[in-house]
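Student: One structure coming up, written as structure tokens, with questions to follow.
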Amino acid sequence: MGMFSTTDGISSRFLKIYLVIDGRRIPASYDPEDWRMVNGLWTEPTESKLGTFVEYLNSRNWIMYAKRNLDDEIHVARNIRQSELDARKLEPIEFDHVIAEVWRITYKSEGSVLQATRIISNSFETLP
């Protein structure tokens, strides 16, 4: 293993979550209190764990908020507790389904670049 090589482990993995609304993927963020589930996915990503997490995300309330990214404003979904919805008098958004993906970053010595590769993906469709 070279000086700048990467190993497969928790520090080289990340999670992408999307809500699908009218065929569009909207980036979503998980609640920091869900770190145990997320950590389990980073430590040992399995279809079963990801499926359980996606079902959990599907059962949550979501709101949209705008986030600045350089000159652009992008819309991001965030899950929110019922108590916060009630206190802030917000209405949750409706969505078609949730997609979650676990990715791994590796260093490629040819070209000296970092490359992201999807390890597993799962979605949960909301029933009408």
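Student: Just to confirm a number: summing +1 for Lys and Arg and -1 for Asp and Glu over residues other than ASN39 whose beta-carbon lies under 13 angstrom from that of ASN39, what do you get?
Tutor: For residues surrounding ASN39, the net value is 0.
Student: Starting from the Cα gyration tensor of the stretch 20-109, take the square roots of the eigenvalues, sort them a ≥ b ≥ c, and report rounded, prolate or oblate (rounded when a/c is under 1.5, otherwise prolate if a/b is larger than b/c, else oblate). Walk me through the numbers before you get to the answer.
Tutor: Values: a/c = 1.85, a/b = 1.31, b/c = 1.42.
Oblate, since a/c reaches 1.5 and b/c is not below a/b.
Readers should treat all values here as calculations from the given coordinates under stated rules, not as data from a laboratory. Remember, predicted model here, so these are calculated numbers, not experimental data. Positions of Cβ are backbone-derived with ideal geometry, glycine not excepted, and every protein chain shown enters the neighbour counts.
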